[in-house]
Amino acid sequence: MRQLEILFVFLSCFLSLQAQEPEIRSVIDKDGNVYKTVIIGNYEWMAENLKTTTYNNGTKIPNITGSLEWTKLNSGAYCWYNNGEGNATIYGALYNWYAVNTGNLCPDGWRVPSDEEWKYLEGYVDNEYAIGDEIWNKTGLCGFDVALALKASSGWDRDGNGLDRFGFKALPGGERLSGDGRFFLLGLNGFWWTCDEDKTNENKALYRGLIYAYDQMMRYTHDKTFGFSVRCIRDR
């Protein structure tokens, strides 16, 4: 009888652990790239950064390599970090917000997440989530261990790896600056656009950021000409 009780406890624990494993799926973009996806709460998220060079309506997205040309854009564009296509496999592409705003960047049925949908993700994965908008606006940091939960368990420099508790596998794809078109912070920071503009400044939009040295997530606004990564989302 004692052995049966021990076996029952072991099986219960095993099944419980199995139930907590991320549910991995996939989605294909217009270029034929296949992305792993993961269910987190009420949504299905890409578990990789977007790297499409084609909008979902078949229109090609301009690839802007020149620094000066990048800074003057007011329409959708993408680039690879350091203009090296080899960076696409791991980090995906960097898009300006004008590409996001077309509504055609993600695969059919998918979308760039809103600020509220990012907030939901932060609340779902955080162990001690108790920060309201008024604190966000003052500090720009969200939650207790959001970054730790979402960062990939390898690929971050300076001991910045996370625990990847939910299969999100956030990586530090860096950014392209709006002021001079330079590439910056690959391996150290990751930035992702939301689909929402800054309500107080029409030239800026909201984004999220993860930094190698922090367990929290950044929530700020930047000029729409910045080049950031994109994750797509759909309802579960």
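Of the residues Tyr98, Tyr78, Tyr91, only one is aromatic (Phe, Trp, Tyr), within 19 Å of Cys232 (Cα to Cα) and either over 18 Å from the mean Cα position of the chain (by Cα) or surrounded by fewer than 18 Cβ atoms within 10 Å (Cβ to Cβ) (or both); which?
Tyr98
Listed here are the residues, each with its yes/no results for (1) in contact with a helix residue (DSSP H, G or I) (Cβ under 6 Å, 6 or more places away or on another chain); (2) surrounded by 14 or more Cβ atoms within 10 Å (Cβ to Cβ); (3) not in a loop (DSSP other than H, G, I, E, B); (4) not β-branched (Val, Ile, Thr).
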residue: Asp31; (1), (2), (3), (4): no, no, no, yes
residue: Val38; (1), (2), (3), (4): no, yes, yes, no
residue: Glu48; (1), (2), (3), (4): no, yes, no, yes
residue: Leu68; (1), (2), (3), (4): no, no, yes, yes
residue: Asn74; (1), (2), (3), (4): no, no, no, yes
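Restricting attention to region 82-99, does a residue exist that is touching a strand residue (DSSP E or B) at 6+ places or on another chain (Cβ under 8 Å), in contact (Cβ under 8 Å) with a residue 24 or more places away in the chain, of a type in the set (Gly, Ala, Ser) and part of a helix (DSSP H, G or I)?
yes
Please state which one of Lys36, Lys119 is among the basic types (Lys, Arg) and farther than 19 Å from Arg208 by Cα.
Lys36
Would you please list the contacts, defined by Cβ atoms under 6 Å and residues six or more apart or on different chains, that run from a residue in region 187-204 that is within 12 Å of Asn101 (Cβ to Cβ) to a residue that is of a type in the set (A, V, I, L, M)?
Pairs found: Trp193/Val100; Trp193/Val230; Thr194/Leu206; Cys195/Val100; Cys195/Val112; Asp196/Leu206; Glu197/Ala205.
Of the residues that make up region 167-186, is at least one touching a Pro at 6+ places or on another chain (Cβ under 9 Å), touching a residue at least 60 places away in the same chain (Cβ under 8 Å) and either crowded, with 21+ Cβ neighbours inside 10 Å or more than 29 Å from Trp70 (Cα to Cα) (or both)?
Yes, because at least one residue in region 167-186 is touching a Pro at 6+ places or on another chain (Cβ under 9 Å), touching a residue at least 60 places away in the same chain (Cβ under 8 Å) and either crowded, with 21+ Cβ neighbours inside 10 Å or more than 29 Å from Trp70 (Cα to Cα) (or both).
Where a number appears in this text, it was derived from the coordinates with a stated rule and is not lab data. Everything numeric in this text was worked out from a predicted model, so none of it was measured. A quick note on method: Cβ atoms are made from the backbone with ideal geometry, for glycine too, and the neighbour counts reach across all protein chains shown.
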